[in-house]
Each structure stands twice: as C-alpha cells, then as structure tokens.
Amino acid sequence: MLAPKPSPSLRDWAAAEMEGLKAQGRVRQLLDTTPDEGVTVMRGGRKLINFSGNDYLGLSRHPDVVGIACDALEHYGAGAGASRLVTGNSPYYAALEQALADYHGTEAARVFGSGYLANLGTVAALAGPQDVIFLDKLAHACALDGARLSGAAVVRFRHNDMAHLEQLLHKHRPQARRALIVTESVFSMDGDIAPFAELARLKQAHDAWLVTDGAHALGVCPDVEEAAKQAADVHVGTLSKAAGSYGGYVCAAREVVEFLTSSARSLLFSTGLPPATVAAGLRAIELIREGKVHAARPLEYAGMFTQWLGLPPAQSPIVPLVVGGSRMASFAARALEDEGVLLAAIRPPTVPEGTARLRVTFSALHSKEQVEKLAFLIHSQPWFRV
Ligand SMILES: *Cc1c(COP(=O)(O)O)cnc(C)c1O
C-alpha cells in the first residue's frame, strides 16, 4: 500500500485556497477607513460619502449616546472582565433589557455579545435533533449557523414564498417533535419585508413557533416592527445598526428568556459587553422610544431614490442594485469610489450566485443633495438598467 500523500504546508494550502477564491471573485479585503463627520469617511486620503453603513439614525455619533458611553467608560472601565453569568450585570444591563422588552412588547429581554451571537445561541437552544427548523433562503448566515448547531433538520423555503413554506410544513412538520420558523423582518441584503400575517397563520395551522430577526427594522420601520410584534414568539435583534452601538438581544416571554439565559451557549461562554457599549445602547433605545430621532428619514430617502431611478418602491432604508457577477460588482464599486461614494460590493456567498450587488443604505445623516448625487451617479453607470 502506498503511504498517504503528506499534507501541504499550512501556508501552501492557504495560498492554494486563495487562488480558488480569486478565480471566483470572492477575495475579501479589509480597507483602512476612518469615520469623518456625519456620513463621510476617509479612505486612501479621500473623503467618501458612505452609503453602505447601517447606522440608519446616525446614533453612533449622537452627543447623548457618546456622552453616556464616555461616562460609563470612566466609571466602570474599558472591559467587562468576565461572562455576565460569572460576575453579574454591569449597571446599565437591567435598564437596557427592560427598555428592549418594552420596545418589542414582550415580558423580558436578554442582551448578547452581538446580533450574530444572539441568533446563534437562540436558534441553537430552541431546537434539537428531533425538531425541524424552517428557514427563509435569504435569512442571515447566523440563523443558518444556529440552525445547524441545533442538530434539528433544517428545511429552507424560497424567499418570502408562503406557498412553498406551507408545502414544506405539510411534508416535514408531522415527523418532527417541534417546529421553528425562522425569518427576518427586513431582509438585510434585499430590503424587503416578511409577510407576517401569512406567517402567523401558518405557524398557527402547523403548530410552529416563529422567530424573527429585526436587525434592520429597529427604529426605522415602525410598521414592520408592529406586524412582527403581532406574529412572532421570539424577536432577535442588534444594537449594532440603528442603535449605533454594539451587541445583540432576544426578546420573548419571561420563561423563554430565563431558559435561554441558562442554555444559550453564546451567552454563557462569552464575556459581557463593555459597560460603555451597554450604556450607549440604552441611551439609543431611549432616544428612539422618545421619538427624538429622525426615524422616518432613511425610508423617505430610499423612497425618493427608487422613484427617481424608476426602481420598485423601497420598503425599507435598504435598496439593492443587482449587478450580476462578482467581478462586475467589484468594478462597479471601485468606479463609484472614484466618484467619492462608498458603496460596497456584496458578493456570494453573502448573496445568491449571480446576484452580486451594490447595497445602498440611507441614513438620517445624509442630506437630500447627497441622495440626489448618488441617484445621478447610479443613473449614469453602464451596468445600471431598470
Ligand atoms: C447584521 C445582522 C446580524 C448580526 O448582528 P451583529 O450585531 O452585527 O452581529 C444578524 N442578523 C441580521 C439580519 C443582520 O443584518
């Protein structure tokens, strides 16, 4: 018998893998970028208008949010030091969790290290090997990762296709002990919205629980949040987008949150958030609840933008401009950067093959002139067709 071929060196293996990614236009790079004023950033010595961020309300720069974070930093230090399960809650956690529960109309809430960790830990804890998870094809990677970790059967339904979901429920629900339907309120890469009325009907008819991720709805799509409130059993979200801070959360009935507190591994085995981050999240949620933000503006800008360009009307502050191939999308992004606009190319596997895109997001900090400038620029791009 021949001896097995020895492995290449780790370095050679990684280099060969990178060649493969290069051939597919899938290499990812991290570029040094410094926040400037408002929505502008500095990159490579140039000032760019950022149309790719998720700081929809500009709260990451709000003086009250920054102020409370500075205060917490001075009083309580830079880091949390241990898991909350070990050393307890820093001062702002209880108020933040109460505010989040009130916001989503649930009894309780639990804050996790990030939105990714909240989804991962929640979905993985709520289902097991005898269960089935029905997951929208375009749901965020962290929901899929959580579903895989749970050991449950994972069944993907076509994006927002309720007839397909119903068909799959008929086929797969009867054999399973429990069923979870997992979706997103506002889809992160497409900006469209889950059909909550139909989801509520299906979960009722097929004895399933509904988990929805409202990462991109928080604070900027109140109607969507209201519909989600009526339909979902569990709300997952993040403080990293419209709330301008960092951290994820889950909101649900008290017992559900207590159960997750004792079983979600991404909560148990990870250090708590820095106190300044928790404080910033709290103040941001308060500002949103008190209506002290320009909540309607991002969606208004998105609506103007889609109207000017003859695109389907925006349903959220996210507008996808599908280019097609990964390399084309990267070229398109670079051409726009030359014009002073930061619009990142979103490529597979983040989005399905053949749908690489520029994903435009609007912030309350943009000016109308900046939105007009972007629409004009997009209109003149060779790849742009309605
Ligand atoms: C951004 C995002 C997350 C992850 O949240 P982080 O706080 O950035 O980890 C989860 N779900 C969706 C839908 C998202 O868009």
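Laboratory data are not the source of any read-out in this text; all were calculated from the coordinates shown. Remember, it's a predicted structure, so these values are computed and weren't measured experimentally. Cβ: placed from backbone, ideal geometry, glycine included. Neighbour counts: every protein chain shown.
For ILE181, the residues whose modelled amide H falls within less than 5 Å of its own, excluding neighbours fewer than 5 places apart on the same chain, are PHE134, TRP209, LEU210, VAL211. Evaluating 6.51 cos²θ - 1.76 cosθ + 1.60 at θ = phi - 60° for every residue in region 362-373, the Karplus couplings come out as 10, 10, 4, 7, 5, 9, 4, 5, 5, 5, 4, 4 Hz, glycine and proline recorded as x.
Look at the dipole of the chain built from charges on Cβ: of ALA94, ALA108, GLN175, the Cα furthest out on the positive end belongs to GLN175. Taking Cβ atoms as reference points and 13 Å as the exclusive limit, the residues near LEU165 contribute a net charge of +3, counting Lys and Arg as +1 and Asp and Glu as -1. Electrostatic tally near LEU21: other residues with Cβ closer than 13 Å to its Cβ, Lys and Arg +1, Asp and Glu -1, net +3.
Take the Cα pairs of region 1-45, get the Kirkwood Rh, then feed it into Stokes-Einstein at 20 °C and 1.002 mPa s and tell me D in µm²/s. Stokes-Einstein gives a translational diffusion coefficient of 149 µm²/s. Spin-label model, GLU74/ALA15: points 7 Å from Cα along the beta carbon direction are separated by 5.3 nm. Pairs from the table (LYS137/LYS171; LYS171/LYS229; LYS137/LYS203; LYS241/LYS373; LYS137/LYS241) lying more than 20 angstrom apart at Cα are LYS171/LYS229; LYS241/LYS373; LYS137/LYS241.
Taking the square root of 5 times each eigenvalue of the Cα gyration tensor, what semi-axes in Å does the equivalent ellipsoid of region 1-117 have, largest first? Intermediate results must be reported in sequence, preceding the final value.
Values: eigenvalues 325, 139, 51 Å².
Calculated on Cα positions only, the semi-axes equal 40, 26, 16 Å.
Once the mean of 1/r is taken over each pair of separate Cα atoms and inverted, region 129-195 shows a Kirkwood hydrodynamic radius of 12.1 Å. Here the extension length gained between PHE269 and THR87 equals 64.3 nm, from 0.36 nm per residue of separation less the Cα-Cα distance. The string of couplings for region 307-321 from the Karplus curve (6.51, -1.76, 1.60, θ = phi - 60°) is 5, 4, 8, x, 8, x, x, 5, 9, 7, x, 9, 10, x, 10 Hz, one whole number per residue in order, with x for Gly and Pro.
Placing unit charges on the Cβ atoms of the charged side chains and taking the dipole of the chain about its Cα centre, the candidate lying farthest along the positive direction among PHE196, SER263, LEU149 is LEU149. Placing +1 on the Cβ of every Lys and Arg and -1 on the Cβ of every Asp and Glu, with no other charges, gives region 20-161 a dipole of roughly 880 debye about its Cα centre.
By the helix-only formula, in which each DSSP H run with n ≥ 4 contributes -39500 (n - 2.57) and the sum is divided by residues, the chain has a 222 nm mean residue ellipticity of -12500 deg cm²/dmol. On the beta carbon distance between ALA197 and ASP64, with R0 = 35 Å, the FRET formula returns roughly 0.45. Neighbours of PHE269, meaning other residues whose beta-carbon lies under 15 angstrom from its beta-carbon, give a summed charge of +3 when Lys and Arg score +1 and Asp and Glu score -1. Summarising the strand pairing of the chain, around 55 percent of its internal DSSP beta bridges are antiparallel. Once a ≥ b ≥ c are taken as the square roots of the eigenvalues of the Cα gyration tensor of the chain, is the result rounded (a/c under 1.5), prolate (a/b larger than b/c) or oblate (a/b not larger than b/c)? Note, shape of the chain comes out rounded. Between region 119-180 and region 194-256, the C-alpha centres lie 16 angstrom from each other. Basic side chains Lys and Arg get +1 at the Cβ, acidic Asp and Glu get -1 at the Cβ, and with that the dipole of the chain about its Cα centre reaches some 1080 debye.
If you model region 234-307 as an ellipsoid using its alpha carbon gyration tensor, with each semi-axis the square root of five times an eigenvalue, the axes come out at 29, 15, 12 Å, biggest first. With 0.36 nm allotted per residue and the present C-alpha distance subtracted, the SER7-ARG334 stretch has 113.9 nm of extension available.
Under the shape rule built on the C-alpha gyration tensor, where the axes satisfy a ≥ b ≥ c, region 69-113 is oblate, since a/c reaches at least 1.5 while a/b does not exceed b/c. Rounded to the nearest 0.05, the FRET efficiency derived from the C-beta distance between GLN307 and LEU31 at R0 = 30 Å is 0.40.
This ranking places LYS373, LYS171 by how few other beta-carbon atoms lie within 10 Å of each, fewest first, which gives LYS171, LYS373.
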